[in-house]
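What follows is a set of notes on a single structure, which appears directly below.
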Amino acid sequence: MAALCVMKSVRTALSAVHCAINNSLIPRLLNGPQLSFFGCTSSRGIRQVVEKQEGKTTVIEGLTVAAPESPQPPNPTAKCPIYRWNLQNKYTYTDVLLLSQFIRSDGGMLPRRITGLCAQEHRKIAICVQMAHRAGLLPDHRPHLPEGHVPKPKPNPPLNRVSHKKRLMTGKSKELFPRPSQPYCCGTY
């Protein structure tokens with residue numbers, strides 16, 4: 001994707017050079033560049049509409065307002081974005097806004113080299129994404145099926161699955177409801 005953007009910008013730059021050679025170069029330099037070289041546009045900022053009335057004329061201007069600073073992470077030296085924002089053990093499979101940042105449009109996980117996650121958090125995010133898919137929380141992130149494909153009906157509908165937060169955070173399977181040490185019998189407790 002990035003290579004395609006660079007190729008388009010190079011083609012645009014070369015076409016601008018071709019036009020400059022064929023036409024006069026000076027009017028183009030006075031008007032400013034048509035497109036930036038790398039295809040990236042600068043931030044336009046937030047604009048505030050100001051209306052000024054001078055006699056019978058009304059002047060409407062759009063003044064650029066200074067954008068507020070973005071919040072700084074509490075741990076800026078950490079390599080992993082989860083550790084940078086101190087989010088370890090604070091997310092579950094229900095946090096679909098967080099999870100959707102680490103998945104492709106077809107629902108698969110993005111690789112670690114793209115997300116920048118450490119191995120431990122990548123594994124946890126992958127587990128949460130699987131659980132969110134199974135719970136039906138990510139309906140927009142399904143693989144694209146070929147045209148005319150009809151999925152086979154499942155013989156039994158899947159059961160509702162409930163996850164326990166403690167199990168996810170520790171990574172160990174624990175018994176959610178421990179058995180009593182002595183069985184209840186004959187109404188004596």
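A short reminder: the numbers here are calculations on the coordinates, not readings from a lab. Given the structure is predicted, the values throughout are model-derived calculations rather than measurements. Note that we place each Cβ from the backbone using ideal geometry, even for glycine, and neighbour counts take in every protein chain shown.
Under a 5 Å amide H cut-off, with hydrogens placed 1.01 Å from N, residue 103 pairs with 110 among residues at least 5 apart or on other chains. Across region 81-98, coupling constants 3J(HN,Hα) worked out from phi with the 6.51/-1.76/1.60 Karplus curve, θ = phi - 60°, read x, 5, 6, 4, 9, 6, 9, 4, 6, 10, 10, 10, 5, 7, 7, 6, 5, 6 Hz, and Gly and Pro carry x. Within the shell defined by Cβ-Cβ distances under 11 Å, the residues around residue 78 carry a net charge of +1, with Lys and Arg each +1 and Asp and Glu each -1.
In plain terms, the chain from residue 120 to residue 97 could stretch by 6.3 nm, reckoned as 0.36 nm per residue minus the Cα-Cα distance. Computed from phi, the 3J(HN,Hα) profile of region 121-129 under the Karplus parametrisation 6.51, -1.76, 1.60 (θ = phi - 60°) reads 6, 4, 5, 5, 5, 4, 5, 5, 5 Hz, with x in place of Gly and Pro. For region 90-133, the mean projected area of the C-alpha convex hull, equal to one quarter of the hull surface, is 2.9 nm².
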